[in-house]
Amino acid sequence: MGLTALLVDDHTMLRQGLRRGLEAEGIRVVGEAGDGETGVRLALELRPDVVLMDVSMPNVDGIEASRRILRADGRQKVIILTMHMDRTIINSALRAGVSGYLTKDCSMTEVVEAIRLATNGDTVLSKNLAALMLNAARGVESDPEVIISPREEEVLQLVVDGLGTTEIATRLFISQKTVKNHLASIYDKLDARDRTQAVLTAVRMGIVRIK
């Protein structure tokens, strides 16, 4: 059975375009909503694998809607798809527990890949946010108390480059379990909840770089 998605955005034409693109890639769109409140209701009724969520919408905004969905059903994945690149909004979305944050100028290929990565437990950050992350990193020195091993640094850099667990394992000639163990160690050292938080922290500290 293929992946399913719910589209939550107040722009009808964008939802229609997303539906066509996703269904052409074998991802079944089970519903659409034009506001956050309806999005929450449909997410809990239809139980899609992934919810693609805008931020600025009537009634309930996308961040609060995401928070409600994930609080009610932690198995679902929410990916923010928005025009906003504000750091405060990005941080709020990550704290809400979303599995991805994409900007609307990304390609359909990126959206499809983000959905597949999210359903495999990965967190995805749009490549278009690289400049923002680099600006946030300027002038912030590394914390000498945090000791990241050379191998962990390699894993982190590949995460920044957009590789998933399987691809990292293949690239470094190690098992997927070993990759996950390295990631767990990295999260602990950087006090991060997931990949996106680890990347943001590592970039700010100068441990890894955006290419």
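The values are calculated or read from the model by the stated rules, or taken from the named source; none is laboratory data. No experiment lies behind these values; they were computed from the predicted model shown. When we count neighbours, we look across all protein chains shown, and the Cβ atoms used for this are built from the backbone with ideal geometry, even at glycine.
Of all the residues in the range 6-51, those that are in contact (Cβ under 8 Å) with a residue 40 or more places away in the chain and farther than 17 Å from SER99 by Cα number 10. Here is the figure for the range 94-113: residues that are touching a Ser or Thr at 6+ places or on another chain (Cβ under 8 Å) and not in a loop (DSSP other than H, G, I, E, B) total 7. Against the criterion of being closer than 26 Å to THR170 by Cβ, among the small types (Gly, Ala, Ser) and modelled with pLDDT of 75 or more, SER92 does not qualify. Taken together, the residues in the range 79-101 that are under 11 Å from the mean Cα position of the chain (by Cα) and farther than 13 Å from LEU22 by Cβ amount to 9. Within the bounds of the range 101-117, is there any residue that is within 24 Å of VAL160 (Cα to Cα), among the β-branched types (Val, Ile, Thr) and crowded, with 22+ Cβ neighbours inside 10 Å? Scanning the range 101-117, I find at least one residue that is within 24 Å of VAL160 (Cα to Cα), among the β-branched types (Val, Ile, Thr) and crowded, with 22+ Cβ neighbours inside 10 Å, so the answer is yes.
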